[in-house]
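None of the figures in this text is laboratory data; all of them are computed from the coordinates on show. The structure presented is a predicted model; accordingly, all values stated were derived computationally and were not measured. Note that we place each Cβ from the backbone using ideal geometry, even for glycine, and neighbour counts take in every protein chain shown.
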Amino acid sequence: MNGPARIYYDGGCPVCSREIAFYKVRPGANGFIWVDVSCADQAALGPGLTREAAMARLHVRRDDGTLVSGAQAFAEMWRRMPGFRWLGRLLTIPPLDSLAECAYRLFLVLRRAWR
């Protein structure tokens, strides 16, 4: 795949949709294709990503076609956005990368209550 990275998010989640709306108006947001998986068809998800997986966690498909999810997806998105690049780089440093993934998994447990 060539072109901008794709952000796959659950637009049916009130917290997720508010957060993505925050990023969509930031500088650098035009460098992404934003895919609301709550209303996208399977073709929009591309290879290797099921609707179930896409609804469960934030995913980013890099411009080379590789797919990352969870805290790693946030780090990938942030590294490409001015003002957030430092945070994206920070989340690639061990053990911060593991701590961020643990925090993201805790968020996922809490998210079920908000749906």
Suppose the chain between Lys24 and Asp63 were pulled fully straight at 0.36 nm per residue; how much longer would it get relative to their current alpha carbon spacing? 12.2 nm
Under the Cβ-under-4.7 Å rule, which cysteines of the chain stay unpaired? Cys39, Cys102
For an R0 of 35 angstrom, estimate the FRET efficiency from the Cβ-Cβ distance between Val15 and Arg85 and round to the nearest 0.05. 0.90
